[in-house]
Amino acid sequence: MSANPIRLTGIERTFGEDEIIVSKTDLKGRITYANEVFLRIAGYTEDEILGKPHNIIRHPDMPRCVFKLLWDTIQNQREIFAYVLNLAKNGDHYWVFAHVTPTFDSSGTVIGYHSNRRLPNASSVAAVIPIYRRLLEEEKKFANKEEGMSASGALLMRMIQEKAADYDEFAFAV
């Protein structure tokens, strides 16, 4: 479920193929920077978004296991690519192909996270939608959210193993 009680509109927002949505967070996922494209597409002002948890834009149709995989990966100091359905302030939605990386200081310590998001192609989104629906269905089989996330995460790993050698290969294959 989204961090916000926003009513979904069912309207998809889009942005230019040459545009990049950029945000940075601290180690706890609170937004420390959002570029103009992010602000425009998400519908927030800089004052409204800075300091807020990045999951303020989490769409309820995004499987929790995908975010767990994302966080586990970047907290292990690795980059990740993922298709993400985001939620705008007014309830509209928008798809992105995200590249999330840890940010290091000069001594090699992780000090935050950086995300660049591009407009995904329509065929990739069409391929991801049924996968995410299946993962959400698995999550909803469990009253306990952690158990549901664990079960859907296991399902995601099985899907990856069936189609590719690893997650990155899977993400680029859809």
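Nothing in this text is a laboratory measurement; each read-out follows from the coordinates by a stated rule. Remember, predicted model here, so these are calculated numbers, not experimental data. Because the Cβ atoms are built from the backbone with ideal geometry, glycine has one as well, and the counts that use them run over all protein chains shown.
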Problem set entry | Highest-fluctuation residue, THR109, THR25, THR73 considered, GNM on the chain with Cα pairs under 10 Å | THR109
Exercise. Fully extended, how many nm does the chain gain between ASP61 and PHE142 (0.36 nm per residue separation, minus their Cα-Cα distance)?
Worked result: 27.5 nm
Exercise. Which residue fluctuates the most in the chain, going by a Gaussian network model with Cα springs under 10 Å, if the choices are ARG13, ARG30, ARG118?
Worked result: ARG13
For this session: State, as an integer percentage, the relative contact order of segment 21-173 based on alpha-carbon contacts under 8 Å between residues 6 or more apart.
Result: 22
Exercise. What full-extension length gain, to one decimal in nm, is calculated for SER123 and LYS28 as 0.36 nm per residue of separation minus the Cα-Cα distance?
Worked result: 30.9 nm
Exercise. By the gyration tensor of its Cα atoms, with a ≥ b ≥ c the square roots of the eigenvalues, what is the shape of segment 1-88: rounded for a/c under 1.5, prolate for a/b over b/c, or oblate?
Worked result: rounded
Seminar exercise, completed: For the chain, Rg(Cα) over 2.2 N^0.38 Å is 1.01
For this session: Find the relative contact order for segment 99-174 and round it to a whole percent, using C-alpha pairs within less than 8 Å whose residues are 6+ positions apart.
Result: 19
For this session: Quick one: go through segment 82-122 and flag any residue whose amide nitrogen is under 12 Å from the point 7 Å out along the Cα-to-Cβ line of ILE11.
Result: 88-93
Exercise. Among LYS89/LYS145; LYS68/LYS140; LYS24/LYS163, which pairs are too far apart, with a Cα-Cα distance over 21 Å?
Worked result: LYS89/LYS145; LYS24/LYS163
Problem set entry | the chain: most fluctuating residue of SER115, SER107, SER124 per GNM, C-alpha cutoff 10 Å | SER107
Exercise. For segment 86-149, what class follows from the C-alpha gyration tensor (a ≥ b ≥ c being the square roots of its eigenvalues): rounded when a/c is under 1.5, otherwise prolate if a/b is larger than b/c, else oblate?
Worked result: oblate
For this session: Tell me the label-point distance for the pair ALA164, PHE104, using the 7 Å Cα-to-Cβ offset, in nm and rounded to one decimal.
Result: 2.4
